[in-house]
Amino acid sequence: GARNCDAENENDVKACMKYLRNVHEQKLKVNHSFDLFEQIEKYEQYRNGEKSIYRDYEKTKEKMYELKFFVDQQEKEYTLTHIDAVPDNFLFGDDRIYLIDWEYSGMQDPHVDIAMFAIYALYEKEQIDQLIDAYFTEGCPEIIRTKIYCYIAICGFLWSNWCEYKRILGVEFGEYSLKQYRYAKEFYRLAKERMEND
């Protein structure tokens, strides 16, 4: 009788972000981490030298490392982070929420989970800002919003790499794959604008 979170239902999303923040605030620890850039390099290597389908891939990758430099300078408190905290993995049932599928979980900045929810739901910028506000009910500091924009770009780039690897294996993700790559480019631009204006 359980159902998945409806990413277009405001009440569902608010409930999921409240639940997710509660998980993060428990500050659980494990002995392994999920390194975004290690994963990017891993999926790139899995292509065995086959070039990306994106002509500007190398330039976009350089931009992701620019964002890494910014993110690395920010204060962060690593905790157990789900990594795949997407709408499909939040189940509503028995008058409570369950968060399932912890396959990718590890120590990471918990704000990565907000970015992952957003890009899997294929949110536009306005919806992403509403998502951030649902997590930070007290108001999100602007520097953290900029950092989450960086994560949206970096995670989009990561999953576009994952999609390219899957394509080699014969599994096509079509519009989803293209959208992830677009997140990398669009949110790089938005994050850079915010950095320059801060």
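The values are calculated or read from the model by the stated rules, or taken from the named source; none is laboratory data. The structure presented is a predicted model; accordingly, all values stated were derived computationally and were not measured. Counting neighbours? That spans all protein chains shown, and the Cβs are built from the backbone with ideal geometry, glycine included. These area figures cover heavy atoms from the full protein model, side chains too; ligands, DNA and RNA do not enter into them. Shrake-Rupley method; radii C 1.70, N 1.55, O 1.52, S 1.80 Å.
So, in region 127-170, how many residues would count as being within 19 Å of Asp84 (Cβ to Cβ) and touching an Asp or Glu at 6+ places or on another chain (Cβ under 7 Å)?
1
When Glu38 is evaluated against the numbered criteria (1) open to solvent by 40 Å² or more (accessible area, probe 1.4 Å); (2) closer than 28 Å to Phe173 by Cβ; (3) assigned to a loop (DSSP other than H, G, I, E, B), which criterion, by number, is the only one it fails?
Unmet for Glu38, out of (1) open to solvent by 40 Å² or more (accessible area, probe 1.4 Å); (2) closer than 28 Å to Phe173 by Cβ; (3) assigned to a loop (DSSP other than H, G, I, E, B): (3).
I want to confirm something. Restricting to region 54-107 and keeping residues that are charged (D, E, K, R) and closer than 18 Å to Ile148 by Cβ, which single residue is most open to solvent (accessible area, probe 1.4 Å)?
That would be Glu75.
Do any helices (runs of 4 or more DSSP H) lying entirely in region 57-143 carry at least 1 residues that are within 16 Å of Phe157 (Cα to Cα) and not charged (D, E, K, R), and which ones are they?
It comes to 57-73, 111-120.
Test each condition in (1) assigned to a loop (DSSP other than H, G, I, E, B); (2) farther than 22 Å from Tyr176 by Cα for Lys147 and report the one that comes out false.
Every listed condition holds for Lys147 apart from (1).
Tell me the residue from Asp109, Asp95, Asp101, Asp133 that is acidic (Asp, Glu) and within 15 Å of the chain's Cα centre (by Cα), please.
Asp109
With respect to Glu10, determine if the residue is touching a Lys or Arg at 6+ places or on another chain (Cβ under 9 Å) and either among the small types (Gly, Ala, Ser) or open to solvent by 100 Å² or more (accessible area, probe 1.4 Å) (or both).
Spelling it out, it is not the case that Glu10 is touching a Lys or Arg at 6+ places or on another chain (Cβ under 9 Å) and either among the small types (Gly, Ala, Ser) or open to solvent by 100 Å² or more (accessible area, probe 1.4 Å) (or both).
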